[in-house]
1. Assigned to a loop (DSSP other than H, G, I, E, B), among the acidic types (D, E) and either open to solvent by less than 50 Å² (accessible area, probe 1.4 Å) or under 27 Å from S204 (Cβ atoms) (or both), is that true of E283?
2. Conditions: (1) open to solvent by 50 Å² or more (accessible area, probe 1.4 Å); (2) touching a Gly at 6+ places or on another chain (Cβ under 6 Å); (3) small (G, A, S). A555 meets all but one. Number of the miss?
3. Restricting to the range 322-341, and then to whatever is part of a strand (DSSP E or B) and open to solvent by 20 Å² or more (accessible area, probe 1.4 Å), can you tell me which residue is farthest from E291 (Cα to Cα)?
4. Please state which one of A290, A295, A354 is open to solvent by 10 Å² or more (accessible area, probe 1.4 Å), under 19 Å from D258 (Cβ atoms) and more than 25 Å from the chain's Cα centre (by Cα).
5. Tell me, which residue of the range 538-548 that is open to solvent by 10 Å² or more (accessible area, probe 1.4 Å) and over 31 Å from the mean Cα position of the chain (by Cα) is nearest to G635 (Cα to Cα)?
6. Could you grab me the full set of residues in the range 261-280 that are outside any helix (DSSP H, G or I) and either open to solvent by less than 10 Å² (accessible area, probe 1.4 Å) or within 19 Å of Q443 (Cβ to Cβ) (or both)?
7. Here are some residues: T519, T493. Which one is under 30 Å from Y646 (Cα atoms) and open to solvent by 10 Å² or more (accessible area, probe 1.4 Å)?
8. Just one of (1) touching a residue at least 24 places away in the same chain (Cβ under 8 Å); (2) surrounded by fewer than 18 Cβ atoms within 10 Å (Cβ to Cβ) trips up P87, so point out which.
Amino acid sequence: MTKGNRKFIATAATAALVASAIAPAASAAAKDFTDVPDRYKDAVDFLVEKGAKGVSATSFGTNQSIKRVDAAVFVANVLGLDTDNAPASGFTDVPDRAAGAVNALKAAGITSGKTATSFGSSSEITRGELAIWLQRGFKLKGSADSAFTDISDRYAKAVEALVANEITNGVSATKYGVGQQAKRGDFAIFLHKADAVKPAFELSLMHTNDQHGNAQNAPKLATAVKEFRAANPEALLLDAGDVFSGTLYFNEFEGQADLQFMNYLEYDAMTFGNHEFDLGSSEDGHKALAEFVKAAKFPFVTANVDFSKDSLFDGLVEGTVAADAEDGKIYNAIIQEVDGEKVGIFGLTTSETAEISSPDQVEFKNYIEEAKASVKELQEQGVNKIIALTHIGYDDNIEFDNDLELAKQVDGIDIIVGGHTHTKLEEAVVISENKTEPTVIVQANEYNKYLGTLSVNFDSEGVVTTLDGELVDLGEVAEDAEAVKILKPYKETIDAMQQESIGVETAVALDGERANVRTVETNLGNLITDGMLKKAQSINPNTVIALTNGGGIRASIDQGDITLGEILTVMPFGNALGIMQLTGEEIVEALEHSVSQAPEQNGGFLQVSGLKFSYDSSKPAGDRVVSVEVKGTDGNFAELAADQTYAVATNTFTAKGGDGYDVFAKAYADGRVSEPGFVDFQVFTDYLTGFETIEPVTEGRITDLSAE
């Protein structure tokens, strides 16, 4: 698991476990005890109200250590645990007076005792153990830097949470006192403060985005979902779009394999990504998408997509805010009841879809206007906890739309669950500047590699006060057995397909050898970038150059029939297409970086199409490029103009600055990168199938004058 998002406004406790039995108040109070100084009076009164008793009629035992069994009773009473019906703990050393409390604490996962049969009832509890009980029992969130030198990994998370929530500061500046015995008075203060930071409402959710047909990872996703749901039964499960396109699973089953898993996992809502509209220009139009919607056992939300001109969606679009949304229907927004509270969810899809996909008659409205309208309508229906489920990109081209701008311009959105840019937000981003209330943004990368999790606390006015979240790395998760069974028939079909020829022969071996693609022009590098350029030109006809990092080419292809399996071996990463707007000067800077380590191998060495350049590896790095020419639409090459802007295709890994391409990262940060998102192996396959036989050669696109 990645590091969690334990931050935001000092962080606070989550709701206490569901109370089903509160012990009656004792007759005594702090004033009746002779050993309770003013510092402890409020806390002792609080515990007495929850059923606590002193060590005698006149003494609370403020400075006495507290036994584990008594601490268990205190915690169970304050949390209001069901001490009557909890299953037996199996501990043999618990007195009858505390059996219910200990049973309840074990059932709630707060403590597991000393051994399988011993709770350690008569042992004094330490401050470190209490920290763990409190952090678990109150689900305290938060991290804080401290100078404590006596905290092992076992206690770190719990102690940090207590410090962050100002429950305690330790016994000194450098010692928390993990191994010290806890005093009854101090414990009273801890419990009183922990109870005081309970939020008005906690919302937990799981989120995915940009799955792109990676059904093969669904069994791991299923395990992670079930584990999170076991601890958070009311948690929502949301998808931010682009289930369609990108793998053989989609090519063969057109979303139905993915949908079977989404239904199995009981998603609560999904919005549409741009790739959901990829089939719009096909003979059947959006039939596959319409069938996907109809068969879904969850609703869809999108406030800015207009389906009215496409008859395939007749009867599927409600276009309202629904408190009782039906499965397989499309709404502007829905209202979910979570633990008795109303939570609104509306959706948005990037308007760039019109340029980078094939929506045909489907149209897209202004995302800011529609978001404001959705928030207003939800608020009018009494909803003050609102989620925007978006496929507009975290920091995508501002010319179209993105989550950062949405958060800045639209008040009332508490959480943005995003997609489209495949951004791996290991920590949630909080936008609060110049806003009446903060907005939390999350996104979980791509391809079912991660499950995003988030728990957010709200105050009574519906304002986010704290959050806690993380990306669960599915590579470290076991597969769910039932999901493996569901996948089996699909996987068998795909495994067989990978062995099949794509119907194209290569008359020569295609050179993808590591030592070559990272140092010199190769015929495979030329072929791949030619395919990228053609695809990019179908989206933006002004694209004139394509570049790809040699480190992304992982194998050669033998002479003869080309199989899908071979292509997937060459391109195993599933990198997506991006189109950059770069000046000639920036292109030269990128080419300098490409050859900076030549003649040594470099994963950032660029294979190219649409241009040719020469350099001298004997010169200092950064001053090696001698000449650069760009191929025009007439097929002739002309000198690259430093002040002219060119449309340049690459993969999004490189576009975001991968392999040290800071010049590309700057363009990406400036919003000069469009992300149509077509996956590399599919782009390459589509390009190859336009031929019966290929015989690519090297043709002087990259020349090292020193080597000559």
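The values are calculated or read from the model by the stated rules, or taken from the named source; none is laboratory data. Note that this is a predicted model, so its numbers are computed, not measured. No Cβ is skipped: glycine too gets one built from the backbone with ideal geometry, and neighbour counts run over all protein chains shown. All accessible areas refer to the heavy atoms of the entire protein, side chains included, with ligands and DNA or RNA removed. Shrake-Rupley method; radii C 1.70, N 1.55, O 1.52, S 1.80 Å.
1. no
2. Condition not satisfied by A555: (1).
3. Looking at residues that are part of a strand (DSSP E or B) and open to solvent by 20 Å² or more (accessible area, probe 1.4 Å), I get E341.
4. Answer to the check: A295.
5. The residue in question is V544.
6. L265, Y267, D268, A269, M270, T271, F272, G273, G280, listed by residue number.
7. Among T519, T493, only T519 is under 30 Å from Y646 (Cα atoms) and open to solvent by 10 Å² or more (accessible area, probe 1.4 Å).
8. (1)
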